[in-house]
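Encoded as structure tokens, the structure appears first; notes follow it.
The values are calculated or read from the model by the stated rules, or taken from the named source; none is laboratory data. All values reported here derive from a predicted model rather than from experimental measurement. Note: ideal-geometry Cβ built from the backbone for every residue, glycine included; neighbour counts use all protein chains shown.
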């Protein structure tokens, strides 16, 4: 046999490619983080190089010489931009078929963009705000995701169209600015414009849709797309105008600058650096080099960041504080605004805390105002000034941690924030009469005091584990601080004596010591948070705990909560003992079964404690089979929801055997009676006496179907478990041939069956017969609802624009019969004409839901062997 060398080489190359692909897939998160830091470092190096000939005093002089009308015009244009942005939310809500009060939509949109601009990762941070507010208004998570996708795509399409117009209208000036031939720029503009026009033409088709990589994306009507384009035109033109009016006159015509601005925004978004910090500035500085003095361009960029990023965030904080104070409580429409403010307060205030922390860090490495410093020299001791400057920088690092705690509603973060801000407010005056800094701190402090009720999580601030994304944001700020320090003191020759120079005019030594304090604080925080040993005990429940849980179950409506009687799930009780979570652990997943059991007002803190306990142990929290009414609670805890399927509920009041649709049930019951099948409900004591017969039926069923016992979300045959509840049986000539244990909720709200087993020789239709008898029996007992169980993967969206999770789940539902008959299970339950309600899995940490579901399924199947076999 002869093997061609080309074939061998091709095989080796294929293996190398496969290994490389696996290596990249395994280390993709690390590669992404390294790339992120490289982008930040490159931007810092580029800015330092561009500003090589500029000194700090030139920048301050340029800012001081700017006419007052320019910042006022910039504020006005910023307001116009944010008003135009709200159009995206209105159009997106209409596209997905939801209507919400206009005032609430405007508030949500404004806060989403204010937070998204300041914190970066706009689709993620702004999307979190939209989900947290729109969710309680009846918008399910899949529609909330479509809203986020809609506004992101609408902005991207509008930005591209506006860039093309800028290229076509003023290619000559833009060519002179960036050094690209005007013909090339016009050709690029024509191509982009043709694509936008083609998109509009496609939206006019009867079955409007756009095929992307085999997936058909449904397009809005052409009228809506035109409205979006107009909104984007106004938004981007106003946003670009905000920076343009701050530049020196005649720097570049507005149409050409809009194209530059669009490119800078796009590059900033693509870099994934929070707020495009440094990346956006690099593009603008490079594009305008030679068109205007660089110190004037840099001054305009600094003011632009304040006007377009910080000022809207301050307004959002004020709006949230006003909503929290309920100043408009008498106005019913304003009550919706107050509700929105309560939902948005943690994320908005956490973002402003991040901005304040950044301000304290940056102010520590920049020179103080000469006039303020001269005044301090007359009234304040030098030691106190030095201490205030050094400690303020360290407080800035601490507030980065506090900011994340505020987002998670920790009461410890609230107290730490209030105390730290009060100290920082005093130090703002002691280190140089920084009144702007003090004003920003005061606004945040007042807003925190007004929003006290939203921070009720009794958790330790120092025990939260910071995510890699948070550490990358901290690294970005530290790199930016180093870059600013190098720029501010480039004219100061470094010597070791600078570290020990203490005097009022010695700004450079003071900033060096502040930077050292920042670095030490970050290093100490990283060491504490990353090296401390996690707490990971997951104790099994004792008899006393199970008894407490059963007592809670008896007082609440959910019948499935009786699974706690199995004793195979750990328990976490609320602080007041009125509610509990039953959970298990598999791999890195801490899996809570169902929503918390108990009064709803006890759920909030219990969910947060469970999420934090899982995070503390280095794991991820998973809530399995939760209802739609509680999704906003899980979103607040930082979890993402994915639809699992639908739960079938049968209202018993209207259930009977009349009509053609129930004829199969009548025939099954009548045939069973003719065959001598008898139905009975055994009490727990009677079930215990008949346990040997029940075990024989169970063993025969397991052997006949060649399956293993499951657990966790299902009961398995355990005499102690079966003897705690009634058992429905079918018998023939006194011999039990089928049984199902019964679980009931409090106040006769629900009833369900858990463990169902049949002998191989049971009469045909025994399953339907047993179900019908149980339904009729408990209807007569006065129970209101029978829970028929979940149909996995049922009800997932068939829309071509549905999330990937829906499309994968839908494919498994339609074509996965070789592994599990999803379709048949749904069809059987549909015979009873139930009411279907969606069920979700909520997962923390942004983890792929497939990995979490793998752990859940393995846990239910009692290990990976049970996962891959029956």
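Details
- Check on residue 638, more than 21 Å from residue 837 (Cα to Cα), surrounded by fewer than 24 Cβ atoms within 10 Å (Cβ to Cβ) and either in the same structural domain as residue 710 (by TED's automatic domain parsing) or in contact (Cβ under 8 Å) with a residue 60 or more places away in the chain (or both): yes
- Residue in region 82-91 that is modelled with pLDDT of 75 or more, farther than 19 Å from residue 220 by Cα and part of a helix (DSSP H, G or I) present: yes
- Residue match in region 291-308 (condition: in contact with a helix residue (DSSP H, G or I) (Cβ under 8 Å, 6 or more places away or on another chain), surrounded by fewer than 21 Cβ atoms within 10 Å (Cβ to Cβ) and over 27 Å from residue 359 (Cα atoms)): yes
- Residue 624 meets each of the listed conditions (1) under 30 Å from residue 828 (Cα atoms); (2) in contact with a helix residue (DSSP H, G or I) (Cβ under 6 Å, 6 or more places away or on another chain); (3) modelled with pLDDT under 85 apart from (3).
- When residues of region 756-773 are limited to those that are surrounded by fewer than 21 Cβ atoms within 10 Å (Cβ to Cβ) and within 44 Å of the chain's Cα centre (by Cα), the one farthest from residue 699 (Cα to Cα): 768
- Any chance residue 376 is modelled with pLDDT under 70 and in contact with a helix residue (DSSP H, G or I) (Cβ under 8 Å, 6 or more places away or on another chain): yes
- Conditions (1) modelled with pLDDT under 85; (2) assigned to a helix (DSSP H, G or I); (3) within 20 Å of residue 348 (Cα to Cα); number of the one not met by residue 415: (1)
- Qualifying residues in region 681-696 (those that are closer than 24 Å to residue 769 by Cβ and out of contact with any strand residue (DSSP E or B) (no Cβ under 7 Å at 6 or more places or on another chain)) - the one surrounded by the fewest Cβ atoms within 10 Å (Cβ to Cβ): 692
- Residue within region 646-666 that is touching a helix residue (DSSP H, G or I) at 6+ places or on another chain (Cβ under 7 Å), part of a strand (DSSP E or B) and closer than 30 Å to residue 130 by Cα present: yes
- Evaluated against (1) out of contact with any strand residue (DSSP E or B) (no Cβ under 7 Å at 6 or more places or on another chain); (2) at pLDDT below 75; (3) surrounded by fewer than 21 Cβ atoms within 10 Å (Cβ to Cβ), residue 190 falls short on exactly one condition, (2).
- Residue match in region 24-42 (condition: outside any helix (DSSP H, G or I) and either under 22 Å from residue 269 (Cβ atoms) or modelled with pLDDT under 75 (or both)): yes
- Here residue 699 meets each of (1) outside any loop (DSSP other than H, G, I, E, B); (2) touching a helix residue (DSSP H, G or I) at 6+ places or on another chain (Cβ under 9 Å); (3) surrounded by fewer than 20 Cβ atoms within 10 Å (Cβ to Cβ) with one exception, condition (2).
- Flag if residue 127 is touching a helix residue (DSSP H, G or I) at 6+ places or on another chain (Cβ under 8 Å) and either modelled with pLDDT under 70 or not in a helix (DSSP H, G or I) (or both): yes
- Top-ranked residue of region 393-422 - restricted to ones that are without any contact (Cβ under 8 Å) to a residue 60 or more places away in the chain and either outside the structural domain of residue 456 (by TED's automatic domain parsing) or within 19 Å of residue 365 (Cα to Cα) (or both), ranked as surrounded by the fewest Cβ atoms within 10 Å (Cβ to Cβ): 395
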